[in-house]
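Every read-out reported here was derived from the displayed coordinates using simple, explicitly stated rules and does not represent laboratory data. If you're wondering where the values come from, they're calculated on a predicted model, not measured in any experiment. Note that each Cβ is placed from the backbone with ideal geometry, even for glycine, and that neighbours are counted across all protein chains shown.
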Amino acid sequence: MKLLDGKICAESLVADISKRVAGYVESGLRKPHMTVILVGEHAPSETYVKSKIKSCENAGFDSALLRFPESITESELLAAIAEINADPVTDGLIVQLPVPKHIKPQNIINAIDPEKDIDGFHPTNFGRMTLGQKAFRPATAYGICKLLQYYEIPVKGKHCVVIGRSNIVGKPISIMLSNDFDIGNATVTLAHIETPRALLLDETRRADIIVVAVGIPGFVTEDMVKDGVVMIDVGINRLENGKLVGDVDFENVSRKCSWITPVPGGVGKMTVAALMINTLMAYQNNFDLA
Ligand code: NAD
C-alpha cells in the first residue's frame, strides 16, 4: 500500500503557482486576490478558512477574510456578494459553506459572479464542466484529479465507483472521471443512499478506483473492496475522542489497497490546492494571460 499524500502534492502545486505569480508581479502586475466570506461561528469552517488564507500566502496571493454575524439576512449577504462581484481587485470569491439555516445556500451560490466562482459551484461553471468546456471545476473533485495525476494513477478505461452524490463532491467527481478529460475517460458508477446494499457491494468489489464521500466513519470496510484498489477517502469526520477520520476503515482497508489517501493529509489538502489553481485561472482570465 502506498499513500496518496495530499500534503506533498498540494505543496508542489502551490510552489509552482507561487513561481508563476512571482513572474507576473515582476512584470508589474498586481498579485492574484482571493476573498473569503465567513458567516457565523462554525469551528470546522474556521479551520478550513484559515488553511485557505494560509495557502494564499504560500502561493503569493493577497487575500481578504470578511466575517459576518450569524444574524445577517440573506439580502444583506447577497448585497455583500454583489459588492465583491463588482470589485476589480478580487479575482476569486468563496462563501464558506454551510451558511446559517435561514439562508438558502443555492441563492448564495447563484449570486456569485461565475468568473469569480473559484469553488466551481455556480450552475454556469458546473454546466460548462459537465459539457467539457473551460470552467472553474468544483475544488474537491478537481483536487482529487490533480492528486491522481501527480501520482500517475491510470484512470482511462478503469472502473470507478463514487459513493455519495453531493453537488460539491460526489456528483462532480463522477462527471469529471467519466468525461473526456486528461484525468478521466473512466467508466463510472455513482452510488448513493438509495443504492441497494447488494448492488453497492457488487460494484465496489469490482472497482479499480473508489471515491467515497458519505460522511460516515468506517463506511468502507475490507470486505467491500478487491485487492489493489485505489481508494480516495473524501470524508472528514470528527469522532467523540476528537480524532479526525475519513469514511474508510483505514487500518483494515489499506492492506488491500495499491494506493490510499490518508485523513487528514489527503483530499482536504488537495481541495485547497485546487482553489489556488482556480484563483490563478481567474486572475489569468482577468489579465488575458495564457
Ligand atoms: P453530503 O454530506 O452532502 O451527503 C452524503 C452523501 O452520502 C449523499 O449523497 C448520500 O446519498 C450518500 N450516502 C449516505 N449514506 C449512504 C449509504 N449508506 N450508501 C451510499 N451512499 C450514502 O456529502 P458531502 O458534502 O460530499 O460530504 C461527505 C463527506 O465528505 C463529509 O464527511 C464531508 O465533511 C466530507 N468533505 C470533505 C471535503 C474535503 O475537502 N476533504 C470536501 C467536502 C466534503
14 Å reach of a label modelled at GLN106, 7 Å along Cα-to-Cβ, counting backbone N of the range 121-153
122-124
In order through the range 221-231: 3J(HN,Hα) via Karplus (6.51 cos²θ - 1.76 cosθ + 1.60), integer Hz, x for Gly, Pro:
10, 3, 6, 8, 10, 9, 4, x, 5, 9, 10
Pairwise over distinct Cα atoms, reciprocal of the mean inverse distance: report the Kirkwood radius of the range 139-268 in Å, one decimal place.
14.4 Å
Two-decimal Rg/Rh across the range 198-290, once Rg and the Kirkwood Rh are taken from alpha-carbon atoms
1.13
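Would you list ARG137, ARG165 from fewest to most Cβ contacts within 10 Å? Could the numbers behind the result be given before it?
Working: ARG137 27, ARG165 17.
Placing the least packed residue first, the sequence is ARG165, ARG137.
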Once amide H atoms are built 1.01 Å from N in the peptide plane, which residues 5 or more positions from VAL95, or in another chain, come under 5 Å H to H?
ILE37
Under the 7 Å Cα-to-Cβ spin-label approximation, ARG197 and GLU251 lie apart by a distance in nanometres of 2.3 nm
DSSP beta bridges in the chain [antiparallel fraction, %, rounded to 5]:
5 percent
When 1/r is averaged over all different Cα pairs and the result inverted, which Kirkwood radius in Å belongs to the range 128-170?
11.8 Å
Can you pull a Stokes-Einstein diffusion coefficient for the chain at 10 °C (1.306 mPa s), Rh from Kirkwood over Cα pairs, as a whole number of µm²/s?
81 µm²/s
Amide H of LYS226: which non-local residues (sequence gap of 5 or more, or other chain) have their own amide H closer than 5 Å, using H built in the peptide plane?
ALA207
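Give the order of LYS269, LYS54 when sorted by the count of other beta carbons within 10 angstrom, beginning with the fewest.
Values: LYS269 25, LYS54 12.
Lowest to highest Cβ neighbour count: LYS54, LYS269.
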Burial ordering of ILE216, ILE144, ILE118, ILE260, fewest other beta-carbon atoms within 10 Å first:
ILE216, ILE260, ILE118, ILE144
Exposed-site-free run, longest, the chain (rule: GluC sites (Glu not before Pro); DSSP loop; at most 16 other C-beta within 10 Å):
71-151
List the aspartates and glutamates whose Cα sits under 14 Å from the Cα of LYS158, skipping any in the same chain fewer than 8 residues away.
ASP180, ASP182, GLU203, ASP208
What 222 nm value per residue comes from the helices of the chain, counting each DSSP H run with n ≥ 4 as -39,500 (n - 2.57) and dividing by all residues, nearest 500 deg cm²/dmol?
-13000 deg cm²/dmol
Would you mind calculating the gained length between ASN185 and ALA290 on full extension (0.36 nm times residue separation, minus the Cα-Cα distance), in nm to one decimal?
35.2 nm
Whole-Hz ³J(HN,Hα) for each residue in the range 202-207, computed from phi via Karplus 6.51 cos²θ - 1.76 cosθ + 1.60 with θ = phi - 60°, x for glycine and proline: what do you get?
3, 6, 5, 6, 9, 6
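Lys and Arg at +1, Asp and Glu at -1: add these up for the other residues within a Cβ distance under 15 Å of PRO172 and post the number.
Values: positive: ARG128, ARG137, LYS146, ARG165, LYS171; negative: ASP117, ASP119.
Neighbourhood net charge equals +3.
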Could you go through the range 22-30 in sequence order and give the Karplus-derived ³J(HN,Hα) for each residue, using 6.51 cos²θ - 1.76 cosθ + 1.60 with θ = phi - 60°, rounded to whole Hz, and x for Gly and Pro?
4, x, 5, 5, 4, 7, x, 7, 6
Just report the Cα centroid separation between the range 77-134 and the range 182-205, whole Å.
29 Å
